[in-house]
Amino acid sequence: MNRSNLAINADRLWADLMQTALIGGTAKGGIRRLTLTDEDRQVRDWFCGECRALGCEVTIDEVGNIFAVRPGLRSDLAPVAIGSHLDTQPTGGKFDGVLGVLAGLECLRTVHEAGYRTNAPLMLVNWTNEEGSRFAPAMLGSGVHAGVFDRAYADSRIDAEGQTFSAALDGIGYRGSVPVGQIPIGAMFELHIEQGPILEAEEKTIGVVTGVQAMRWYDIEIEGRESHAGSTPMALRADALTASAVLIQEIDAMARGLHDAVATVGTIAARPGSRNVIPGSVTMSLDLRHPRDADLDAMEQAVETALQDITGARGMSGAMTRIWTSPSVRFDEACIAAVRRAAASGGHAMRDIVSGAGHDAAYIARIAPTTMIFVPCAGGLSHNEAESATYADCAAGAEVLLQAVLDLDQRHADGL
Ligand SMILES: [Zn+2]
């Protein structure tokens with residue numbers, strides 16, 4: 001059987017998306033399926049059953065990552081993996097993560113029904129706790145697998161009710177015995193909705209994801225002087241909140257003036273927080289992102305300079321502390337090329353794109369050749385119950401996923 005004749009069953013993929021969306025389904029049409037809850041257990045049970053029905057061997061590691069393996073012709077090749085996540089945000093949509101796993105299941109079914117034998121084993125992965133909304137941080141299961149976090153750290157994470165990750169994992173019966181990181185990955189592909197507006201706006205079906213942008217988080221503190229709102233003349237004030245307003249404007253202008261840059265002040269707190277007291281101090285958050293680390297260095301420096309200029313000119317002090325950093329990720333050239341060929345042979349309109357959000361693939365890229373495929377979502381909306389992707393785009397994404405996986409499998413076997 002020629003691999004280019006293999007075609008996924010789009011009706012079946014769509015039916016799976018709609019049927020599993022009922023596990024944790026919300027009144028507004030979204031999903032609430034927080035990691036390691038009973039809803040997560042239910043969808044995991046369903047997932048394992050479907051994989052076993054295809055003859056796959058299902059293995060679970062010590063943090064609950066699930067690996068379903070379909071043997072290939074050669075056992076000396078590490079599996080070509082397809083992975084994403086079945087957990088959702090508290091008010092999540094039907095496609096974030098789920099599309100990647102269910103499209104992977106559809107790929108397995110397609111090769112199974114055709115009796116097609118890959119060279120390397122095929123492996124479908126459901127990563128535990130991608131969302132990070134119940135147990136921070138995000139991408140925990142893939143992070144432990146890639147050696148970014150250790151298992152004890154994962155086990156010690158605590159949710160808002162005080163329950164540990166460890167207890168929750170045991171509670172749903174999904175702690176496996178295989179040590180984390182022991183399952184080899186020859187390469188991994190992750191299909192995901194874009195979670196942004198670019199593909200839809202440009203009427204492209206496939207985003208060829210070349211990497212994940214660098215991200216850094218900061219806390220910024222500005223110290224002025226509290227004083228009476230009525231008796232302090234304007235010229236004699238050290239108002240930390242108005243200084244913050246000027247800084248936020250400058251940060252916004254800086255990012256607008258740089259190609260591909262984004263900057264966000266998402267929280268701000270002024271103290272003492274009284275109607276008739278001039279704010280003496282302000283704390284705010286800052287999120288800076290750019291596809292290139294060097295440009296992010298320049299953005300960081302520009303904010304630092306603006307902070308010192310603005311506070312210095314007003315007789316105040318300012319401090320900026322970096323609290324989290326995630327370097328840029330460049331995906332694997334051979335995997336990217338396989339996606340490009342698959343999209344081209346399917347006749348799909350495509351463009352290169354850099355992911356603005358983090359994904360399991362960003363961590364797996366540290367240990368194996370990895371890339372991602374994006375499909376559009378309506379209005380770029382995600383982490384929202386109204387999140388939506390079309391039947392045709394989901395089908396196109398799954399088809400490109402299948403052909404890219406088989407293409408890479410052939411090239412690996414040919415020693416290319
Ligand atoms: Zn996701």
Using only Cα positions of the chain, each an equal point scatterer, no hydration layer, compute I(q)/I(0) via Debye at q = 0.13 Å⁻¹ and quote the log10 values to two decimals.
-1.08
Using a simple charge model, +1 on the beta-carbon of Lys and Arg, -1 on the beta-carbon of Asp and Glu, nothing else, what dipole does the chain show about its Cα centre, in debye to the nearest 20?
80
Burial-style ranking of 190-202, 90-102, average other-beta-carbon count within 10 Å with highest first, yields 90-102, 190-202
Mind listing the Cα extents of the stretch 131-285 along all three principal axes, in Å, largest one first?
69, 45, 23
Cα-Cα pairs in the stretch 1-151 separated by more than 19 Å, as a whole percent of all pairs, come to 53
Lone cysteines, the chain (no partner Cβ under 4.7 Å):
CYS48, CYS107, CYS335, CYS377, CYS394
Antiparallel versus total DSSP beta bridges in the chain: what percent is that, nearest 5?
70
Counting pairs of Cα atoms in the stretch 259-407, how many percent are more than 20 Å apart?
65
Helix 240-256 versus the longest principal axis of the chain: what angle, 0 to 90°, nearest 10, using Cα atoms?
40
Probe of 1.4 angstrom, ligands and nucleic acids ignored: what's the accessible area per residue over the stretch 289-416, in square angstrom?
41
Å³ per residue enclosed by the Cα convex hull of the stretch 282-354:
116
Apply the a/c threshold of 1.5 to the C-alpha gyration tensor of the stretch 175-247 and tell me whether it is rounded, prolate or oblate.
oblate
Which percent of the accessible heavy-atom area of the chain goes to carbon and sulfur, probe 1.4 angstrom?
51
Could you work out [θ]222 nm for the chain from helices alone, using -39500 (n - 2.57) per DSSP H run of at least four and dividing by all its residues? Round to the nearest 500 deg cm²/dmol.
-11000 deg cm²/dmol
In degrees, nearest 10, range 0 to 90: what is the angle between the Cα axis of helix 98-114 and the longest Cα principal axis of the chain?
10
Report, to the nearest 10°, how far helix 391-413 tilts away from the longest principal axis of the Cα atoms in the chain, using its own Cα long axis and a range of 0 to 90°.
70
How long is the gain from ASP38 to ASN276 if the chain were fully straight, where each residue apart is worth 0.36 nm and the alpha carbon distance is subtracted?
80.7 nm
State, in angstrom, two size descriptors of the stretch 100-161 derived from its alpha carbons: Rg to one decimal place and Dmax to the nearest whole number.
16.0, 48
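The values are calculated or read from the model by the stated rules, or taken from the named source; none is laboratory data. If you're wondering where the values come from, they're calculated on a predicted model, not measured in any experiment. No Cβ is skipped: glycine too gets one built from the backbone with ideal geometry, and neighbour counts run over all protein chains shown. Note: areas computed on protein heavy atoms with side chains; ligands, DNA, RNA excluded. Shrake-Rupley method; radii C 1.70, N 1.55, O 1.52, S 1.80 Å.
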